[in-house]
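K.L.:
The structure under discussion is supplied below as structure tokens; questions concerning it will follow.
The values are calculated or read from the model by the stated rules, or taken from the named source; none is laboratory data. Everything numeric here is computed off the predicted structure, so don't read it as measured data. All Cβ positions, even for glycine, are placed from backbone atoms using ideal geometry, and neighbour counts span all protein chains on display. With ligands, DNA and RNA removed, areas are computed over all heavy atoms of the protein, side chains included. Shrake-Rupley method; radii C 1.70, N 1.55, O 1.52, S 1.80 Å.
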Amino acid sequence: MESARAADPPPPTQVTTPAGQKGGAGQTPGMPSPSEQHRLPPDSSTRHTLELPGRTLSFVATAGSIRLFDDKGEPQADIAYTSYQLDGTDRGTRPVTFFFNGGPGSSSAWLQLGNAGPWRLPINADEVTPSTFPEVRPNAETWLDFTDLVFLDPVGTGYSRFVATGDDVRKRLYSVEGDVNSLALVVRRWLEKHDRLLSPKYIAGESYGGIRGPKVVRQLQLRQGIGVKGLIMVSPLFDYSAHRSLLQYVARLPSYVATRREAEGPVNRADLADVEAYARGEFLVDLIKGQADKEATTRLADKSAALTGIDQAVSRRLAGRFELPEFRREFDRKNGKLIGNYDASVRGLDPYPESDFHLSGDPSSDTLLAPLTSATVDLLARKLNWRPDGPYELLNDTVRRAWDFGRSPPESLSELRQILATDRNMKLLVAHGLFDLVTPYFGSQIVLDQLPPFASTPRVKLVVFPGGHMFYSREASRRAFRAEAEAMMK
């Protein structure tokens, strides 16, 4: 939203009409204006002390919002945030990290309660069901030890909401550029609001955050006067066009094979060196030859079947090119199980085991929606004393359906090159899970390999952990990821 401005929400006001005059259209005397009817409650700051293994953390938590205005000064939207600031630190040198998830249409609860916040809800999809008790517990792997934390919910997610009633604001903010511009504004305004302009700043984004992240940093550099020291990408997608090209099969093959090998025992990225070499080499060569070359196609199909465990006849029928729905169903069809999109190591019952086309939801993510939503609402209301009305939108499909991706598939590689070239001290940390089929780790490896030499290690680092899209649901992976983030900020 190019012309938007951000400001603190002023105290609620009443629109009244002088005696003897009628109210405006649709209003009666004393009725709040439309923007006031949709207002979020005032910010709430609370103090907490958390006992964790080997240390005690005392901090201030703030749940609140920042209002966006258009260039005419009309209110547009309230963007909700939750922040945690450690007591007794020098705010000029203390890092602060801004988090957002992806979707589009996802709130930041996943990263807050699954990974970095001071409280955590176990979200291992192997164990969680919709009826899991949704109470949070202290998070031993919180990042609060080494950075203050700000979790942002783009409009339409969490409690963030439009206050303008027209369609124009929705069209602007439900778009690639409007979304990026609004988030950059909110970051700057939060820094001003909390006197943190001098602090070292980091941006962390998950999934579609791979599009948002580099673009937000670029906007902060160029339009908001804010420098960012580091960008942390969690299971990112940097280029949507990769999903439409032959490279999608190259990118997913190592994760397909990791899924099979994990079923036989623990696996890490080093165990997939042979598969990565094959994907870059013979697999890609045979893939490019196309199905007109029957010998190459048969060779590719048979090798893919041997590596993934998919039935050879099925692999030949599909020419060794496994689309996600096909792989999910065929991998464990004999046991009537579907594997997860977001974590292929998770198995769920197939409600249509006899069908070739009916698919259920995702057993690696759908089970988390109810407990994570309840836990977030309870945390905000009971611990942080912030109680907005209306529903909390953990994952809002309306946003995704309304999203304007532009005339061509969105990508952030252009901004990634620019921000790394503009600031030679800036670092990039990219983290993935081995069993993520939605944004496979090898896709990011292919992207990062194309960057110029100035973006080499140690400035740019890719780390891959056992787990899926939310690899941080596994304790060992969460702990290792935390160590990588802490090292980046030293």
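Conditions tested, residue by residue: (1) open to solvent by 10 Å² or more (accessible area, probe 1.4 Å); (2) more than 22 Å from Pro440 (Cβ to Cβ).
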site	(1), (2)
Ser315	no, no
Lys334	yes, yes
Tyr342	yes, no
Val346	no, no
Tyr352	yes, yes
Asp366	yes, no
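K.L.:
Applying the selection to the stretch 452-470, what residues are open to solvent by 20 Å² or more (accessible area, probe 1.4 Å) and among the small types (Gly, Ala, Ser)?
P.N.:
Ser456
K.L.:
Oh, and also: Just give me the residues in the stretch 284-312 being hydrophobic (A, V, I, L, M, F, W, C), open to solvent by 20 Å² or more (accessible area, probe 1.4 Å) and outside any helix (DSSP H, G or I), in sequence order. I'd like the intermediate steps shown before the answer.
P.N.:
Of the residues in the stretch 284-312, the ones hydrophobic (A, V, I, L, M, F, W, C) are 284-285, 287-288, 292, 296, 300-301, 305-307, 310.
Subsequent filtering for residues that are open to solvent by 20 Å² or more (accessible area, probe 1.4 Å) retains 284-285, 288, 292, 306-307.
Correct list: Ala292 only.
K.L.:
Return a yes/no flag: does the stretch 142-154 have any residue that is within 17 Å of Gly468 (Cβ to Cβ) and open to solvent by less than 20 Å² (accessible area, probe 1.4 Å). Step through it out loud before you land on a result.
P.N.:
Within the stretch 142-154, the first condition is being within 17 Å of Gly468 (Cβ to Cβ), and the residues that meet it are none.
Looking for residues that are within 17 Å of Gly468 (Cβ to Cβ) and open to solvent by less than 20 Å² (accessible area, probe 1.4 Å), one finds none in the stretch 142-154, hence no.
K.L.:
Pairs, please: C-beta under 7 Å, at least 6 apart or cross-chain, first residue closer than 26 Å to Leu197 by Cβ and at pLDDT 95 or above and in the stretch 226-243, second open to solvent by 40 Å² or more (accessible area, probe 1.4 Å) and among the acidic types (Asp, Glu)?
P.N.:
Final answer for the pair search is Gly227/Asp423.
K.L.:
Could I ask something else about it? Which one of these is within 24 Å of Phe322 (Cα to Cα), over 19 Å from the mean Cα position of the chain (by Cα) and not hydroxyl-bearing (Ser, Thr, Tyr): Ile419, Ile446?
P.N.:
Details: Ile419 fails: within 24 Å of Phe322 (Cα to Cα).
Exactly one residue qualifies, and that residue is Ile446.
K.L.:
Which of the numbered conditions does Glu192 fail, given that it passes all the others? Conditions: (1) free of Cβ contacts under 8 Å to residues at least 24 places away in the same chain; (2) of a type in the set (Asp, Glu); (3) within 22 Å of Pro409 (Cβ to Cβ).
P.N.:
Just one mismatch for Glu192, condition (3).
K.L.:
Quick check, is Arg424 surrounded by fewer than 19 Cβ atoms within 10 Å (Cβ to Cβ), of a type outside the set (Val, Ile, Thr), free of Cβ contacts under 8 Å to residues at least 60 places away in the same chain and farther than 30 Å from Arg137 by Cα? Spell out how you get there, then give the answer.
P.N.:
Working: surrounded by fewer than 19 Cβ atoms within 10 Å (Cβ to Cβ): yes; of a type outside the set (Val, Ile, Thr): yes; free of Cβ contacts under 8 Å to residues at least 60 places away in the same chain: yes; farther than 30 Å from Arg137 by Cα: yes.
It is true that Arg424 is surrounded by fewer than 19 Cβ atoms within 10 Å (Cβ to Cβ), of a type outside the set (Val, Ile, Thr), free of Cβ contacts under 8 Å to residues at least 60 places away in the same chain and farther than 30 Å from Arg137 by Cα.
K.L.:
Condition test on Val187, is it open to solvent by less than 30 Å² (accessible area, probe 1.4 Å) and modelled with pLDDT under 95? Let's see the steps before the verdict.
P.N.:
Details: open to solvent by less than 30 Å² (accessible area, probe 1.4 Å): yes; modelled with pLDDT under 95: no.
Against the criterion (open to solvent by less than 30 Å² (accessible area, probe 1.4 Å) and modelled with pLDDT under 95), Val187 does not qualify.
K.L.:
Same structure again: I'm checking my understanding of the structure. Among residues of the stretch 120-134 that are more than 14 Å from Asp366 (Cβ to Cβ), in a loop (DSSP other than H, G, I, E, B) and modelled with pLDDT of 80 or more, which one is farthest from the chain's Cα centre (by Cα)?
P.N.:
Ranking the candidates gives Phe133 first.
K.L.:
Here's a follow-up. Which one of Arg417, Arg401 is closer than 16 Å to Met233 by Cα and open to solvent by 70 Å² or more (accessible area, probe 1.4 Å)?
P.N.:
Numbers: Arg401 fails: closer than 16 Å to Met233 by Cα.
From the options Arg417, Arg401, the qualifying one is Arg417.
K.L.:
Then there's this: Taking the options Arg333, Arg321, name whichever one is within 21 Å of Val438 (Cα to Cα), in contact (Cβ under 8 Å) with a residue 60 or more places away in the chain and of a type in the set (Lys, Arg). Working first, answer last.
P.N.:
Numbers: Arg333 fails: in contact (Cβ under 8 Å) with a residue 60 or more places away in the chain.
Only one candidate qualifies: Arg321.
K.L.:
When the stretch 46-84 is examined, which residues are found to be surrounded by fewer than 21 Cβ atoms within 10 Å (Cβ to Cβ) and closer than 30 Å to Asn181 by Cβ?
P.N.:
Let us first name the residues in the stretch 46-84 that are surrounded by fewer than 21 Cβ atoms within 10 Å (Cβ to Cβ), namely 46-58, 60, 62, 69-74.
Those that are surrounded by fewer than 21 Cβ atoms within 10 Å (Cβ to Cβ) and closer than 30 Å to Asn181 by Cβ: Val60, Thr62, Phe69, Asp70, Asp71, Lys72, Gly73, Glu74.
K.L.:
How many of the residues making up the stretch 256-283 are open to solvent by less than 20 Å² (accessible area, probe 1.4 Å) and assigned to a helix (DSSP H, G or I)?
P.N.:
8
K.L.:
List the residue pairs whose Cβ atoms are under 6 Å apart, where the first residue sits in the stretch 261-280 and is in contact (Cβ under 8 Å) with a residue 24 or more places away in the chain, the second is open to solvent by 60 Å² or more (accessible area, probe 1.4 Å), and the two are 6 or more positions apart or on different chains.
P.N.:
As it stands, the answer is Val267/Arg261, since those pairs meet every condition given.
K.L.:
A further question on this structure: Restricting attention to the stretch 38-55, which residues are closer than 20 Å to Leu379 by Cα and part of a strand (DSSP E or B)?
P.N.:
Just the residues of the stretch 38-55 that are closer than 20 Å to Leu379 by Cα, to begin with: 40-52.
Ser44, Ser45, Thr46, Arg47, His48, Thr49, Leu50, Glu51, Leu52 - these are the residues of the stretch 38-55 that are closer than 20 Å to Leu379 by Cα and part of a strand (DSSP E or B).
K.L.:
Could you please give the count of residues in the stretch 437-451 that are open to solvent by 10 Å² or more (accessible area, probe 1.4 Å) and assigned to a helix (DSSP H, G or I)?
P.N.:
Step one: of the stretch 437-451, the residues open to solvent by 10 Å² or more (accessible area, probe 1.4 Å) are 438, 440, 443, 445-451.
Okay, now just the ones that are also assigned to a helix (DSSP H, G or I), so 443, 445-449.
Going through the stretch 437-451 one residue at a time, the tally reaches 6.
K.L.:
Taking the stretch 104-113 as the region of interest, how many residues are of a type outside the set (A, V, I, L, M, F, W, C), touching a strand residue (DSSP E or B) at 6+ places or on another chain (Cβ under 7 Å) and in contact (Cβ under 8 Å) with a residue 60 or more places away in the chain? Break it down into steps so the answer makes sense when it comes.
P.N.:
If we filter the stretch 104-113 for residues that are of a type outside the set (A, V, I, L, M, F, W, C), which is where we start, we get 104-108, 112.
Within this subset, residues satisfying the condition of being touching a strand residue (DSSP E or B) at 6+ places or on another chain (Cβ under 7 Å) are 105-108, 112.
Next, only the ones that are in contact (Cβ under 8 Å) with a residue 60 or more places away in the chain stay: 105-107, 112.
Residues flagged as of a type outside the set (A, V, I, L, M, F, W, C), touching a strand residue (DSSP E or B) at 6+ places or on another chain (Cβ under 7 Å) and in contact (Cβ under 8 Å) with a residue 60 or more places away in the chain within the stretch 104-113 amount to 4.
K.L.:
Within the stretch 145-167, is even one residue on the phi > 0 side of the Ramachandran plot and either under 17 Å from the mean Cα position of the chain (by Cα) or not hydroxyl-bearing (Ser, Thr, Tyr) (or both)?
P.N.:
Filtering the stretch 145-167 down to residues on the phi > 0 side of the Ramachandran plot leaves 156, 158.
With the extra rule that they be either under 17 Å from the mean Cα position of the chain (by Cα) or not hydroxyl-bearing (Ser, Thr, Tyr) (or both), the set shrinks to 156, 158.
Scanning the stretch 145-167 turns up at least one residue that is on the phi > 0 side of the Ramachandran plot and either under 17 Å from the mean Cα position of the chain (by Cα) or not hydroxyl-bearing (Ser, Thr, Tyr) (or both).
K.L.:
Pull out all pairs, ordered by first then second residue, where Cβ-Cβ is under 7 Å, the residues are six or more apart or on different chains, the first lies in the stretch 26-53 and is within 26 Å of Leu68 (Cα to Cα), and the second is modelled with pLDDT under 65 and loosely packed, with under 14 Cβ neighbours inside 10 Å.
P.N.:
Here the result reads Gly30/Gln14; Gly30/Thr16; Met31/Gly23; Pro32/Gln14; Glu36/Pro12; Glu36/Thr13; Arg39/Pro12, each pair linking the stretch 26-53 to a residue that is modelled with pLDDT under 65 and loosely packed, with under 14 Cβ neighbours inside 10 Å.
K.L.:
For Gln224, indicate whether it is under 27 Å from Pro409 (Cβ atoms), among the polar types (S, T, N, Q), open to solvent by less than 40 Å² (accessible area, probe 1.4 Å) and outside any helix (DSSP H, G or I). Lay out the reasoning, then the answer.
P.N.:
Details: under 27 Å from Pro409 (Cβ atoms): yes; among the polar types (S, T, N, Q): yes; open to solvent by less than 40 Å² (accessible area, probe 1.4 Å): yes; outside any helix (DSSP H, G or I): yes.
Yes.
K.L.:
Only one of Tyr208, Tyr159, Tyr174 is open to solvent by less than 10 Å² (accessible area, probe 1.4 Å) and among the hydroxyl-bearing types (Ser, Thr, Tyr); which?
P.N.:
Tyr208
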